[in-house]
Each structure stands twice: as structure tokens, then as C-alpha cells.
Number of protein chains: 2
Amino acid sequence: MSLELTILGSSSALPTSERYPTAQVLNLLERFFLIDCGEGTQIQIRRNKIGFGKIKNIFISHLHGDHFYGLIGLISTFNLLGINHDLHIYSPSQIKDILQPQIDFLKAGLQFKIFFHPLNFKKPQLIFEDKKTEAYSFPLRHSINCCGFLFREKPREANIRKECIDQFQIPIDKIKEIKQGADFTTSNGDSIPNHQLTIPPPSPRSFAFCSDTAFHPPVAEFIQGVDLLYHEATFTEELRSWADKTLHSTAADAAKIARMAGAGKLVIGHFSSRYDDLAPFLKEARAIFPNTEAAHDGETYSIEQQ
Amino acid sequence: MSLELTILGSSSALPTSERYPTAQVLNLLERFFLIDCGEGTQIQIRRNKIGFGKIKNIFISHLHGDHFYGLIGLISTFNLLGINHDLHIYSPSQIKDILQPQIDFLKAGLQFKIFFHPLNFKKPQLIFEDKKTEAYSFPLRHSINCCGFLFREKPREANIRKECIDQFQIPIDKIKEIKQGADFTTSNGDSIPNHQLTIPPPSPRSFAFCSDTAFHPPVAEFIQGVDLLYHEATFTEELRSWADKTLHSTAADAAKIARMAGAGKLVIGHFSSRYDDLAPFLKEARAIFPNTEAAHDGETYSIEQQ
């Protein structure tokens, strides 16, 4: 039962020879959510041996090129590979105007349907759900409209303790409501509290993606209790004025959001190309939020089922 | 005095984990010509330590995505780096309609001018020249309009033999015409033939780029005597029917063009992603044209001054 985040790109606007622009894949219970899609994402997907055919939902935070220039190449590759399932893109609405002239040039037309889902930049919104997972967008604070994304497992039903079925002679038609939290009254009229009858389900796990953004406390409130947080840290505090000017975060900003959100683990990324050494980022962030890692392209971060 | 071809990408439509889509840089006498610009080209330029600021002319053979999807990322990076010289793009005319909606989204607008030069798909055409070099486009045969490119040094003047200036008392105002081929008549009325007075200039070197194309003999005629030829070889003869169907070449086709053109050296590339091993390509091509190499990303091929 996976929650695995694979970093495909961890640079900011200028890619380096080591770091691709922003892209990552979240494997949440075998749903493969692609989050941002900078130039070269399809190459990184291939290198990290993620099946193209598994990607059905793509989330684009904002329309700066380092977060979406890889989209047309990926769509073209899907087409060439004969992938024919629907593709859903959650993005600022203008993406369609940018992509359409390029899609019109694809050999032999598009072999599948693309559904564009425009993001809401005013307030958090449920943008995706299926039986076991859900995804929300929420506003960030950047120089253009930009959203973060929160992905989480839906709460599961408790498991019934098998020995209780015999012991209390529970009929089959009662099992569903007991799994959902009901107590049970035996034929003798004894009431058996639910916690004696069930094994609690694992806690639903969650992941939040915050890039690009200035320090923005409402984020911490919305993602409260998140297990894994990716938050951009384009600069260290030494370049505070640059962070303020460009509406980006420092490593300290990212760590403060993680602490305020009560996050389990923080991964920072979107590093400015001026930095070769990430040690100052980690030092700065860990002083505030010890469980911090610096993103590396190709690295996977997992949250185990509790 | 350079003629150096650096391969940035040697895959065909689908990039692999080892091969980027088509792009290469020709350094011809310190002019850096970028030829095609597949996704990830800017990353490969950086890896190969080619200065972004040196690239002022970009040649796009055709509008299949694997030959131009890296263009918008490169333009965006030029902009972020503060490059402010003009950029010339030689390409099918529709490139402008594809790029403009993306350029309109660049932060703070474009800081330099882009000049679009539409290609002619009916006949060869001089598309670029400066004092020492020139470039021609010529039609290839592919599923959409597609051009190859021929780059060459302009012929240089001969050097005058310094000892002759004293020996025959050549006045300064005669030197220019002697360098251009004139004989010289001494004050005694003796005619000294030009070849006694001059050292011949080095032969002008040339490079031709042919991708994507089916086997197309008129190409060989146009690039006759080329020193270095890059020719696509998407398949081996085993997949002859695929080559015919998709209007691509086999390794044998590429070698035949090299032989017909009397080329000095052949580099083949644009390999289909279905091949891991390139040995069969080399075997097939070398049987026809022995001086053949298989392109590798990051490899540089040089032609020395003769």
C-alpha cells in the first residue's frame, strides 16, 4: 500500500546539468499522480522506470515554463505509444490555449481525450476523487496564479475482529455498520462497544506539494497534520531580499510551514541554480524542523502505513 | 579554426534514458549554430559546456516535436539569463504560431528580438551568410515539409609568399589582386604566374545535416564533396518496410547518400528507441561507406583544416 514520492526535477527556473525543472510523481495506492511537468519530464519518467500508461492525472501548479514545458512532449509520447485512456489535466485554464496549437501539429492527431480542469485560485477545492483517494488544490502566494496540491487516502473502515463474530453471534447484515463504527447488541441484550469488536483502520496518509510560493501561513492550516510535505526553498535566508522580491521561499520559510502544519516529514526543493552545495539549506531548515531532506532528482520518499 | 559537431540528442521520436531527441551544435569558425532543438536541449547545452550566449542562429528542420519542443525552454532560459542579442530562427513558418502563445506567457516579456526566417521546401536556398561562413537549406523527403542544412566556410584568399614581395618588388597596391589570383608583371616585363607568388588557402570545409528523410538522391548532388555528413538512420534494413512507410532512412540508405556525395565522414543518428545495440547499424553502413560513426549524445566530431 504505497505512498511514494519520486522527485523527477528539483531545480528552479534554470535547470542545471544535475537537476531538471520541477516534476514529481506521487504513487498513492497505485494511482500515479504527476505533479508539474517541467522540460525533460518524459526522460526522467523513463529513467525512473515509471510506466507512462499509469499516468492519467496531471496537476500543474502554475504557468511558469519550468513547471509545464514538458507537457507537450509527454502528450506526444503518449500518442506515439498508443496510449488511449483519457488524460486529465488540473491546471490554470490558459494551459489549453498554449497547448492546443502544439497538439494540432501532432502526427495523425490525438489518439486520446484530454480533459482540462481549471484550478481555483481563491480557495481550496476538491479537484479529484476516486474510491480510495482524493486531491485538493489550495492557493499559494506567487507572482502569478499558483496552487499547491494536497493528496490523501480516504479514511478506511475498521476491520472486524473475526473471533467476535462467533463469540457474539453477529449476523452478516450487521457487519457493515459495525465496520463503520456501530456498537452491537447481542441476543441477550448486552451492548458490546465498537472498540471491542473492531481493529482500527490505518490512519489515512497524506502528501502536500507547495511550489512556487512565498511564506504563506494559510497553507499550514489547510494541510494540518500532513505526513509528507514538499515545499519549495529557492533560497537560503542570506538571499531573503531575493525571496521577498520574487515571491519564493527560503529553507527557513519552508521549515516554518512544516512546523506550523505539524508535518511528519519535509522535503525541500526548487533550488536556485546559483547553489552547488545544499548543506546550508539543510542546516537552516533542520534548525526549525529537524526531519527535513533536500530533494534529489531520482530520489523516492516513502511514508509507511501506520 | 574549428569545425566541430557536438551531438546533443540522437534519438528519434521517443527519447530513451540514454538518448535525447534531435539537437546538435556546429561550431564553425566560432559561430555556434544550433541545429534542431528537441526537448531537453538546454540541459544538454549546459552539460556540454556550450555558452548559451554564443547561440544566435537556430535551424529547425521540420515541425515534428522531437525536433523543436526544446525551443521554448531555451528561449525562456535566454531571457532569464539576460541575453539580449537578436535570435534568428530558420524554420517552417508555422513555428511562430506555435511559439507565440508560449512567449506571451514569459515573465516580464521577451528581452530580445526573435527573427523568424521561413524555409523553402521546393529548392535549395542560401539562408545565412556572414564574412566567413554560409548556410543553405535544401528539401528532404519526409512525411511533412522538412529541410536539411549545409554549412560551409567561404573560400579564403591565398596567402602571398613574403619572400616574393622583395624578390619581385611587388608594390602594396598589387597584393590584394595577387591574393585573389592575379599574375604579376615585374618592372622588367616578366610575367610571374600566380602559383609561384602564393600559398593556396586551406580548402573550405563543410557539414551537412539530413534529418528526417527517406533515401533521397538529390541530396547527394547538392552536398557533393561534403566533409562531414550527419544523416538519419532510424532503422536497419531489417525494418525496410517501416522505413518506407514512415519516410525514414536505414543505415544503408544513409551510407549510400554519403558514398554518392563523396562525403569525407558519415555520422548516423536518430535511432529508433527499439534498438539498444547499434552494432548492426554500423555493420550495415560501413559495408557501403566505411568511414561511418554512430552518434552518441555528448560526442564531438571534428574536421581538421587541410
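The values are calculated or read from the model by the stated rules, or taken from the named source; none is laboratory data. Everything quoted here is computed from the prediction, not taken from an experiment. All Cβ positions, even for glycine, are placed from backbone atoms using ideal geometry, and neighbour counts span all protein chains on display.
Quick look at the numbers
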{"read-out": "Residue check for A:Ala135: within 30 Å of A:Ile199 (Cα to Cα), surrounded by 16 or more Cβ atoms within 10 Å (Cβ to Cβ) and within 17 Å of the chain's Cα centre (by Cα)", "value": "yes"}
{"read-out": "Hits in the stretch A:160-181 - residues which are under 14 Å from A:Pro193 (Cβ atoms) and among the basic types (Lys, Arg)", "value": "A:Arg161"}
{"read-out": "Selection count, the stretch A:217-238, where residues are more than 20 Å from A:Ile35 (Cα to Cα) and of a type outside the set (D, E, K, R)", "value": "6"}
{"read-out": "Hits in the stretch B:113-166 - residues which are closer than 30 Å to B:Asp244 by Cα and aromatic (Phe, Trp, Tyr)", "value": "B:Phe121, B:Tyr136, B:Phe138, B:Phe149, B:Phe151"}
{"read-out": "Lone qualifier among B:Asn145, B:Asn120, B:Asn159 - being within 30 Å of B:Ala254 (Cβ to Cβ) and either exposed (fewer than 15 other Cβ atoms within 10 Å of the Cβ) or among the aromatic types (Phe, Trp, Tyr) (or both)", "value": "B:Asn120"}
{"read-out": "Answer residue from the stretch A:174-208, given it is assigned to a loop (DSSP other than H, G, I, E, B) and touching a helix residue (DSSP H, G or I) at 6+ places or on another chain (Cβ under 7 Å) and is farthest from A:Glu304 (Cα to Cα) among those", "value": "A:Asp183"}
{"read-out": "Pair list, Cβ under 6 Å, 6 or more apart: the stretch A:85-112 residue within 16 Å of A:Gly73 (Cα to Cα) and in the same structural domain as A:Gly53 (by TED's automatic domain parsing), other residue of a type in the set (Asp, Glu) and assigned to a helix (DSSP H, G or I)", "value": "A:Pro101/B:Asp97"}
{"read-out": "Conditions (1) within 14 Å of chain A (Cβ to nearest Cβ); (2) buried (at least 20 other Cβ atoms within 10 Å of the Cβ); number of the one not met by B:Ile35", "value": "(1)"}
{"read-out": "Flag for A:Thr16 being within 10 Å of chain B (Cβ to nearest Cβ), within 30 Å of A:Phe281 (Cα to Cα), surrounded by 19 or more Cβ atoms within 10 Å (Cβ to Cβ) and in contact (Cβ under 8 Å) with a residue 60 or more places away in the chain", "value": "yes"}
{"read-out": "Members of the stretch A:137-160 that are under 19 Å from A:Ser2 (Cα atoms) and in a strand (DSSP E or B)", "value": "A:Phe149, A:Leu150, A:Phe151, A:Arg152, A:Glu153"}
{"read-out": "Residues located in the stretch B:222-261, provided they are among the β-branched types (Val, Ile, Thr) and in contact with a strand residue (DSSP E or B) (Cβ under 7 Å, 6 or more places away or on another chain)", "value": "B:Ile223, B:Val226, B:Thr234, B:Thr236, B:Thr250, B:Ile257"}
{"read-out": "Count - residues of the stretch A:65-102 that are part of a helix (DSSP H, G or I), of a type in the set (S, T, N, Q) and at the interface with another protein chain (Cβ under 9 Å from one of its Cβ atoms)", "value": "4"}
{"read-out": "Test for A:Leu110: is it assigned to a loop (DSSP other than H, G, I, E, B), surrounded by fewer than 17 Cβ atoms within 10 Å (Cβ to Cβ) and within 14 Å of another protein chain (Cβ to nearest Cβ)", "value": "yes"}
{"read-out": "Any chance A:Gly82 is among the small types (Gly, Ala, Ser), in contact with a strand residue (DSSP E or B) (Cβ under 9 Å, 6 or more places away or on another chain) and at positive phi", "value": "no"}
{"read-out": "Subset of the stretch A:38-54 [under 19 Å from A:Ser302 (Cβ atoms) and crowded, with 23+ Cβ neighbours inside 10 Å]", "value": "A:Gln44, A:Ile45"}
{"read-out": "Number of the exception - A:Leu266 against (1) out of contact with any helix residue (DSSP H, G or I) (no Cβ under 6 Å at 6 or more places or on another chain); (2) buried (at least 24 other Cβ atoms within 10 Å of the Cβ); (3) on the phi < 0 side of the Ramachandran plot", "value": "(1)"}
{"read-out": "Top-ranked residue of the stretch B:133-169 - restricted to ones that are aromatic (Phe, Trp, Tyr) and in the same structural domain as B:Leu63 (by TED's automatic domain parsing), ranked as nearest to B:His231 (Cα to Cα)", "value": "B:Phe149"}
{"read-out": "Of all residues in the stretch A:19-53 being touching a residue at least 24 places away in the same chain (Cβ under 8 Å) and part of a helix (DSSP H, G or I), the one that is farthest from the chain's Cα centre (by Cα)", "value": "A:Arg47"}
{"read-out": "Condition met for A:Ile288 (buried (at least 22 other Cβ atoms within 10 Å of the Cβ), farther than 18 Å from A:Ser10 by Cβ and not polar (S, T, N, Q))", "value": "no"}
{"read-out": "Residue in the stretch A:196-205 that is of a type in the set (Lys, Arg), over 30 Å from A:Ser10 (Cβ atoms) and touching a strand residue (DSSP E or B) at 6+ places or on another chain (Cβ under 9 Å) present", "value": "no"}
{"read-out": "Among the candidates B:Gly40, B:Gly53, residue that is more than 13 Å from every other protein chain (Cβ to nearest Cβ) and among the small types (Gly, Ala, Ser)", "value": "B:Gly53"}
{"read-out": "Residue under evaluation A:Ile178, criteria (1) assigned by TED's automatic domain parsing to the domain that holds A:Phe138; (2) more than 28 Å from the chain's Cα centre (by Cα); (3) aliphatic (A, V, I, L, M), criterion not met", "value": "(1)"}
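Yes/no matrix, rows are residues, columns are (1) of a type in the set (Asp, Glu); (2) modelled with pLDDT under 95:
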| position | (1), (2) |
| --- | --- |
| B:Phe271 | no, no |
| B:Glu284 | yes, no |
| B:Ala287 | no, no |
| B:Glu293 | yes, no |
| B:Glu299 | yes, no |
| B:Gln305 | no, yes |
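Here is a yes/no grid of residues against (1) of a type in the set (Asp, Glu); (2) surrounded by 12 or more Cβ atoms within 10 Å (Cβ to Cβ); (3) without any contact (Cβ under 8 Å) to a residue 24 or more places away in the chain:
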| position | (1), (2), (3) |
| --- | --- |
| B:Phe168 | no, yes, no |
| B:Ile172 | no, no, yes |
| B:Ile175 | no, yes, yes |
| B:Phe184 | no, yes, yes |
| B:Ser191 | no, no, yes |
| B:Ile199 | no, no, no |
| B:Ala220 | no, yes, no |
